[in-house]
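The values are calculated or read from the model by the stated rules, or taken from the named source; none is laboratory data. These figures come from a predicted structure and were not determined experimentally. Please note: Cβ atoms are built from the backbone with ideal geometry, for glycine as well, and neighbour counts cover all protein chains shown. SASA here: full protein model, heavy atoms, side chains in, ligands and nucleic acids out. Shrake-Rupley method; radii C 1.70, N 1.55, O 1.52, S 1.80 Å.
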Amino acid sequence: MKARSRTARARLPIVGTALLATAAVVATVAAGCGGGAGAAPKITTTARAGVAPVPPKEGAYFGAWVPPDDADGSSSSTPSPETPSGSPVAGGSPAAKPTGKDAEKPGMAPVVGFERDLGRQLDIVQSYRSWTSEFPAGLDKSVTDGNRYLLLTWAEADTRKIVQGEYDELIQRRARAVKALGKPIFLRWAPDMDKAAHKKRVHSPEDFVAAWKHLRAIFTRERVDNVAWVWCPSARGFGGGDAGAFYPGDDQVDWICANAQPGTDYEYRDLSEAMKMFLQWARDREKPIMVAEFGVPKSYGERRAEWLREASKTLQDPQVKAVVYFNSDEQAAGVRDRRRAYSVNGDKPTVSALRELATTPYFNPRNLPVTSGG
């Protein structure tokens, strides 16, 4: 999916008990439980355990993109069809339900409402930022101030200009700001880079790989250790496209990822079909998988709950270590475009099915408290 501009403690974190147990899984994580595709390869990551997000030993983190209220001013870019597109608590245990204090933080009221419907707190909250946005700010800081990981999605710029150094000062500022935040975050730069809509800025796989390495080298020089780098093309790009050609290399990527919507050219399509070729490609890499954007279209009507229950089976794959629901209609071209509308708000059967998914033990690796929801 894509993003468009909307207005487009220096100390390291003291992590809660549950996440310390997770962070003890240093660079290698044994593939764990699963009701999905069976045995997975050994999983490795170059992220620093205890500083940057690493995969849970068993199961997968569950997260969501929940658009903030405009009044919050906390998200500088949001996904659209036209243009490209958690953090540990300082000690203690999470509450059974989001607190009023959480809801009062910038951008968090919609997240809190979504969590109440699910009956549990999210592991990951996604935030979208344009290339020139000042971040972390607003929702970003609100998320990292609590017991959630931040998935910060940062839109691309012209890859050739990046390599030529035209944006070095901007990248340095962002690297220093992320380091000063001092909390573990996922950084997902230039998602869907394989799509034709991005070609004017991405140019070619070779240009993209060079830009990725340039950007990450600047973060390395600035000694930014609290970032896990998430490489995320479209799942569709592995079934006839050249998504794999954009891969920067195992030493450059901490998490491999795909955006896996069913596709608007299908009346009905299971998530297993949308992800099939991507998962086959991922088997050759000892990396944790994130599904950063998945959602069930409103056009599926009464079959939405069925779709989510089948998706839960697909996602319970021992290599899948994080899944993020896209709870938004912002991709839709208009109110009649139900094939790109994924919000479950107000749809009780679908909310119930998503709650079943989110509260399945596989998707609650930190064993967060679960309530009845609603």
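Applying a threshold of 7 Å to beta carbon distances and a minimum spacing of six or more residues, or different chains, the list of pairs starting in the stretch 206-230 at a residue that is open to solvent by 40 Å² or more (accessible area, probe 1.4 Å) and ending at one that is in a loop (DSSP other than H, G, I, E, B) reads Lys213/Pro248; Lys213/Gln252; Asp225/Arg48; Asp225/Val51; Asp225/Ala52.
Among all positions in the stretch 211-225, there is at least one residue which is in a helix (DSSP H, G or I) and more than 24 Å from Val54 (Cβ to Cβ).
Inside the stretch 231-243, can you point out the residues that are open to solvent by less than 30 Å² (accessible area, probe 1.4 Å) and either of a type outside the set (S, T, N, Q) or assigned to a loop (DSSP other than H, G, I, E, B) (or both)? Give the derivation first.
Within the stretch 231-243, the subset open to solvent by less than 30 Å² (accessible area, probe 1.4 Å) is 231-235, 237-238, 243.
Passing the criteria: Trp231, Cys232, Pro233, Ala235, Gly237, Phe238, Ala243.
Of all positions in the stretch 155-166, at least one carries a residue that is among the polar types (S, T, N, Q) and closer than 19 Å to Gly249 by Cβ. Taking the stated definitions as given, is Ala311 surrounded by 21 or more Cβ atoms within 10 Å (Cβ to Cβ), in a strand (DSSP E or B) and among the aliphatic types (A, V, I, L, M)? Judged against the criteria, Ala311 is not a match.
Which of the following residues is crowded, with 22+ Cβ neighbours inside 10 Å and among the acidic types (Asp, Glu): Glu293, Glu286, Glu306, Glu302? It would help to see each step written out before you state the result.
Working: Glu286 fails: crowded, with 22+ Cβ neighbours inside 10 Å; Glu306 fails: crowded, with 22+ Cβ neighbours inside 10 Å; Glu302 fails: crowded, with 22+ Cβ neighbours inside 10 Å.
Step by step, each of Glu293, Glu286, Glu306, Glu302 is checked, and only Glu293 is crowded, with 22+ Cβ neighbours inside 10 Å and among the acidic types (Asp, Glu).
Within the stretch 329-338, not a single residue is open to solvent by less than 10 Å² (accessible area, probe 1.4 Å), closer than 20 Å to Ala274 by Cβ and either part of a strand (DSSP E or B) or modelled with pLDDT of 95 or more (or both). Of all the criteria given as (1) open to solvent by 10 Å² or more (accessible area, probe 1.4 Å); (2) under 21 Å from Ala282 (Cβ atoms); (3) out of contact with any strand residue (DSSP E or B) (no Cβ under 9 Å at 6 or more places or on another chain), the one not satisfied by Asp194 is (3).
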